[in-house]
1. Hey, can you list the DSSP H helices of chain B whose Cα span along the axis is 20 Å or longer and whose average Kyte-Doolittle score is at least 1.0?
2. What ranking do A:137-144, A:290-297, B:161-168 get when scored by the average of other Cβ atoms within 10 Å per residue, highest first?
3. Identify which of B:Met53, B:Met42, B:Met69 has the largest mean-square fluctuation in a Gaussian network model of chain B, with springs joining Cα atoms closer than 10 Å.
4. Considering Cα pairs under 8 angstrom that are at least six residues apart, work out the relative contact order of region B:36-177 and quote it in whole percent.
5. What ranking of A:Lys239, B:Lys21 emerges when the number of other C-beta atoms within 10 Å of each C-beta is taken as an exposure proxy, fewest first?
6. With charges only on Cβ, +1 for K and R and -1 for D and E, what is the dipole size of chain B about its Cα centre, in debye, rounded to 20?
7. Using a Förster distance of 45 Å, how high is the FRET efficiency between A:Val146 and B:Leu64, based on the Cβ-Cβ distance and rounded to 0.05?
8. Only sites in a loop by DSSP and with at most 11 other Cβ atoms within 10 Å count here; which chymotrypsin sites (Phe, Trp or Tyr not before Pro) in region B:26-75 make the cut?
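Values quoted throughout were computed directly from the atomic coordinates according to the rules given, and no laboratory measurement underlies them. This one's a predicted model, so the numbers in the text were calculated from it and none came from an experiment. Positions of Cβ are backbone-derived with ideal geometry, glycine not excepted, and every protein chain shown enters the neighbour counts.
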Amino acid sequence: MHRSRSLAAVILTTLATLLALVALPAPALADCGADATSCKSCHEGQQKLPVNQSGLWHTQHSFGDFCANCHAGDTTAAEAPAAHAGMRPVLSDPNAACASCHAGTYETLAVTYTKTKSSSPPPKAAAKLPDTGSRNTLFVIINIAVLAALAGLVWAFERGPLGRFTVQTPSITPVRRSWNPLSIKRWSPYAAGAGLGVVAVAALWLSQQPLGSSGAYITMAGAGLKAAGAALSESTYFKFVSPPSLTWQLLLVAGVPLGALVSALWGRNFRVETAPDLWIRFFGEQRWKRWLAMFLGGIILEYGASIAGGCTSGLAIAGSLQLSGAGFLFIAGLFTTGLITAKVLYRGNW
Amino acid sequence: MVQTYVLPITFGVLFGFLLQKAGLSRNEKIINVFRLRDMAVMKFMMTALCVAMIGVFALYDFGLLQLKMKETYVLGNLLGGAIFGVGMAVAGFCPGTCAAGIGQGSIDYLIPGVLGFLAGAVLFGATYQQVFIPIHAVANYGPQPLSALWGVNHWLLILLFIQLSLGAFYVFRKRAV
C-alpha cells in the first residue's frame, strides 16, 4: 500500500514536470535544422564560413550565440537571404555594437577591437595544415603496434606472468528465465551499450542533435530564475548564452525517467529508496547525510560539467563518438579524480 | 511536431530504458567502477562509443549526417572533468543517470540530487564571466574532431579506439557484469 502510493507520487511528479515543460515556448527552426537564433550552428556546425577562429572578437565570443548582437540581421528568419537582411558593418559604430552587452565598459572594449581590426591579424591555422599522408602512415603503424601489444597482453594473461592477476570474481550472471529480454532485470553492459550507440547515431542522424543531459538542468534553472524574477536571469549567461526555452535536450532528459520507469517495472526492480544499500553500509542509516552528499555532489557535478562543456552523456559519449578531443579529455579528468575520491571515501575497501 | 517533440522524447525514453537495464541508474554501479570492482560503466560506455563511431562516420562518409560537437578547449575539458569526477564518486550518479534513477524510484536522486544540479547551474551562471570565459579561451581548438585536427583519416582513429576497447574488455573480463 505504502509502496504503491510512493509509486503514484513519482509518476505524478514526472507528468507534472512534463506539463510544465510544454508550457515553455518552443524554439523556431531554421531551414538548416538549427535554432533560428543560431547563426553559429549554420556557420560553424555546417562549416559554411566558420568564423570563430578568426580575430580576437570572434574567438572571445565563440562560446555563445551573439552574432546578431553586433552584426544585426534577422535571427527569426528561416532562410539565409532573409536572415542576412539588415546586417550592419560592425565597425561603423563599434560603441553601439559592444554596448548591447557591455553597458559599463563598452568604450574601452570598442577601442581594443577597433585597434585589433586595423592592424592585420596574424595568419592562423591555415598556415599549419598537417601533412595527411604521413600522419595516416603514422597511425597505421600505431594501430599495428597496439594490435601487437594486445596479442602480448593476451599471451601474458593466458600463458605468462600476468596470469596470477586475473581476478576470479564470481560473475553475477543474470537469471534468464524469461523469453522476453525486456523483462530481464539486468542486461549485459555490452548489449545495453550497443543499444545506446544506436540511439546516439539515430539522434545525430534524425534530429541533428548530440545526446546530452547537463544542459537540461541549466535550462530548468534559467526558467526558474526567470519565473522568480531574479536579477540573475538578466545576466549574459541566462539571457543570451543559455536562454530558457523548450530545448531538444530538455525533452530528451524528460523522456529518460519514463524509459527507466518502464524498464524497472518490466524488470520488477522498481523500488522506492531514500538511500542506496552500499551507502548505508559505509556511512550509516542517517538519511540527512546521504541527502547532503547528493545535494553537494549535484552542485559539483553540474558545475564541472558546465565548465567542461557537457557531462558523461554530452561530452564523454556524444562528444567522443564524433572523435571530439573534448570528450576524451573529459573522460581522463573524471576517471583520475573519481578513482582518488573513491579511494578516500571508501578507504580500506577500495 | 515529430522533430520538436516526438523524436527527443523517444530518444530519451530509449536512453533511460538502456541506462536502467544496464544498472547504471544504481548508485553501486557508479561507485564500484571507481573502486575497480565492477566495470559495467566502462564496458557500457566503450561499447556505445565503438558502435556509434562506426555508425556516425559511415553515415558521415555517405554525406547523410553532419557532425555536431562542442568545442575542444583543453584546460576546461580536463578541469571540468576533474571536478565532475569528484562529484560522481561522492554522489554515485551523473546528470543522465540521475534522470534514470528517478524513474526507478530513487528519491535521493529526485529531491536532493536534482536540487543540487539546479544549484550548480545557478552557481555556474553567476560565475560565468569570471570563471568560464578565461578558461574557455585556453588552448581552444574549436568544434572539430581529432581526425581533422591531426589530419588523420577518421577510420584509423576509430580502429585504434576499438582495439583499445577490446583490450580493456579483455583485461576486465572476469569482473562482475
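1. Numbers: long enough: B:7-22 (22 Å, 1.47); B:40-61 (31 Å, 1.72); B:74-91 (26 Å, 1.84); B:154-171 (26 Å, 1.85).
Qualifying helices: B:7-22, B:40-61, B:74-91, B:154-171.
2. Top of the packing list down: A:290-297, B:161-168, A:137-144.
3. Judging by the Gaussian network model, the answer is B:Met69.
4. 47 percent
5. Neighbour counts put them in this order, fewest first: A:Lys239, B:Lys21.
6. Approximately 540 debye in magnitude.
7. For R0 = 45 Å, the calculated efficiency reads 0.90.
8. B:Phe62
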